[in-house]
Amino acid sequence: PSLAAVSDSGGRIDPDRLLLVVGDVPGKGLPASLFMALSKTLIKSASMRTGRDIGAAFIRANAEIGRENPEALFVTAFAGVLDVRTGMLEYSNAGHEPPYSKQPDAPPERFEIGDGPPLCVLEDHSYTTRYRQLVPGEWLCLLTDGVTEAMDPEGRLYGIERVEAVLGDLPGSAEPNDIIRALHDDVQHFVRGAHASDDLTLLCLRWHGIELSGR
């Protein structure tokens, strides 16, 4: 399994803005791994060139990744730019598993389903930028479908309901590492040693007002 930390998720694109990227490429092996690495690099590069407009970054990345795609692969991706001073998250979702957020003393909330197809599916799709204002103490949890589609030995899926139950049981004081570990451990308990059909990636951060905390 891959437990992604904030420092490995994209990085700062300037002193005040943090880029978050989680993606998933179908298939396994070297071609898929190289395509995922290329996609992440080009998404970050496009984000730095387009500034705050993450939808425009996806449009640019979609074109650039498509030119370097001899295997005709595609990649689902969620990308966001967080202003660490204000807590404003600007994001776009290209066919990826929607992330979760949780405000202090509130249940976890799932983002709306992505409004665009995976990258490299439609050449000229116009991805849009959405906005979400975080409140102090709010955390975000990004994941791949290796979590929701993990299967037990009987072939049953882990599912979004179990994700929401685990996240909902966490205390408001839970830190990013606690959230990642709780969800990862529950998935491992559920599958009971069954062969994993997909990679499991989690990324989590908490915004503390003017100070960002994440591991």
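Things worth noting here:
- Span-rule helices in the chain, defined as complete DSSP H runs reaching 15 Å or more along the axis (Cα) with Kyte mean at least 0.0: 30-50, 54-67, 159-169
- Whole-Hz couplings from phi, Karplus 6.51/-1.76/1.60, listed for segment 138-151; x for Gly and Pro: 6, 10, 10, 10, 9, 8, 9, 6, x, 7, 5, 9, 4, 10
- With 0.36 nm allotted per residue and the present C-alpha distance subtracted, the S126-R67 stretch has 19.5 nm of extension available.
- Relative contact order of segment 1-137, defined on C-alpha pairs under 8 angstrom at six or more residues apart (%): 25 percent
- Positive minus negative residues near S92 (Lys, Arg vs Asp, Glu; Cβ under 10 Å): -2
- For segment 73-215, size of Cβ-based charge dipole, Lys and Arg +1, Asp and Glu -1, in debye: 300 debye
- Summed side-chain charge close to K102 - residues other than K102 whose Cβ falls under 13 Å, Lys, Arg +1, Asp, Glu -1: -4
- Taking other residues whose beta carbon is less than 15 angstrom from the beta carbon of R192, and scoring Lys, Arg as +1 and Asp, Glu as -1, yields -2.
- The alpha carbon gyration tensor of segment 80-130 gives principal lengths a ≥ b ≥ c with a/c of 1.5 or higher and a/b no greater than b/c, which makes the shape oblate.
Laboratory data are not the source of any read-out in this text; all were calculated from the coordinates shown. Bear in mind the structure is a predicted one, so any value in this text is a computation, not a measurement. Ideal geometry is used to build each Cβ from the backbone, glycine not excepted, and the neighbour counts take in all protein chains shown.
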